[in-house]
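Okay, so here's the structure we're looking at.
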Amino acid sequence: MSRVAVVTGGSRGIGAAISKALKAQGCKVAAIYAGNDAAAAAFKAETGINVYKCDVTSAETCAATLKAIEAELGAVDILVNNAGITRDAMFHKMTLQQWQEVLNTNLNSLFNMTSPVWGGMRDRGFGRIICISSINGQKGQMGQANYAAAKAGEIGFVKSLAQEGAAKGITVNAICPGYIGTDMVKAVPEKVMNERILPLIPVGRVGEPEEIARCVAFLAADDAGFITGSTLSANGGQYMA
């Protein structure tokens, strides 16, 4: 049976790797992106995966986008809440706008995307919700009070919703990546990476997007139904919760 999977932030970085992994697993995948039309078009041309432009901070836009996806691909079985941004600043310099932008994109989007598909999953007796949180949602991070608060909130969302979905065949889990080799991490100066970051990671390297994607593929599978409310840390041993 071919499952329908939606991945927010699904055309770049970790999200692109997740979209590809779910397609390889036999899913019909819809990759949601925020605004980079050129990157989304290139991703679609490369992979054949449908892309949908959507502002995940807007409940109305999310509902409309999901309705369009279901009309084209079928009812959503798997939702990967991956979209996220950073607006880093020390708290004494953080603006209300920086706080709200991160909370709206990283945390409020979970409600906006999950609410429209939740009822259908309950009715059909199957669903997989996977939220991409962060190591910094587990341990906190200087200069990221907004980001860490949102990512910690994702874990609370997962643990609560997992209890509601369990009897209906819906699993809800979180993945907390550490440093992953995305464009943003690759842009870190070599000296900073070698002297300040890699010494904190016991395996001695950053992770790859495909390693997070394999975690998602595992949790999204039909035979992963006994795993719910869990937080899977994928950080090379940097933080052991």
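Each value in this text was obtained by applying a stated rule to the coordinates, not by laboratory testing. Just so it is clear, the model here is predicted, and its values are computed rather than measured. FYI the Cβ positions are ideal-geometry reconstructions off the backbone, even for glycines, and counts take in every protein chain you see.
For segment 182-198, what does the Karplus curve 6.51 cos²θ - 1.76 cosθ + 1.60, with θ = phi - 60°, yield as ³J(HN,Hα) per residue in whole Hz, taken in order and with x for Gly and Pro?
Ordered by residue, 3J(HN,Hα) equals 8, 4, 5, 6, 5, 7, 5, x, 4, 5, 5, 4, 6, 9, 10, 10, 4 Hz.
Could you list 226, 157 in order of exposure, starting from the residue whose Cβ has the fewest other Cβ atoms within 10 Å?
226, 157
In what order do 95, 171, 57 fall by count of nearby beta-carbon atoms within 10 Å, going from fewest to most?
95, 57, 171
Do you know the relative contact order of the chain, to the nearest whole percent, from alpha carbon pairs under 8 angstrom that are 6+ apart?
The normalised contact order for the chain reaches 20 percent.
Which residue, 21, 64, 30, has the most motion in a Gaussian network model of the chain that connects Cα atoms within less than 10 Å?
Between 21, 64, 30, it is 64 that shows the largest mean-square fluctuation.
Among all lysine pairs in segment 1-87 that are eight or more places apart or on different chains, how many have alpha carbons less than 14 angstrom apart?
6
Karplus couplings for segment 212-225 from phi (6.51 cos²θ - 1.76 cosθ + 1.60, θ = phi - 60°), rounded to Hz, Gly and Pro as x?
Karplus-based 3J(HN,Hα) across segment 212-225 equals 6, 4, 5, 4, 4, 4, 5, 5, 7, 5, 4, 8, 9, x Hz.
Which ³J(HN,Hα) values, rounded to whole Hz and listed in residue order, are derived for segment 132-139 from phi using the Karplus coefficients 6.51, -1.76 and 1.60 in 6.51 cos²θ - 1.76 cosθ + 1.60 with θ = phi - 60°, glycine and proline given as x?
8, 8, 6, 3, 6, x, 8, 10
Show the residues, 5+ positions off or on another chain, whose built amide H is closer than 5 Å to the amide H of residue 6.
Result for residue 6 returns 30, 78, 79, 80.
Could you please report the charge total around residue 16, scoring K, R as +1 and D, E as -1 over all other residues with beta-carbon less than 13 angstrom from its beta-carbon?
Around residue 16, the surrounding residues sum to 0.
Starting with the fewest neighbours, write out 19, 11 ranked by other beta-carbon atoms found within 10 Å of each beta-carbon.
The order, fewest Cβ neighbours first, is 11, 19.
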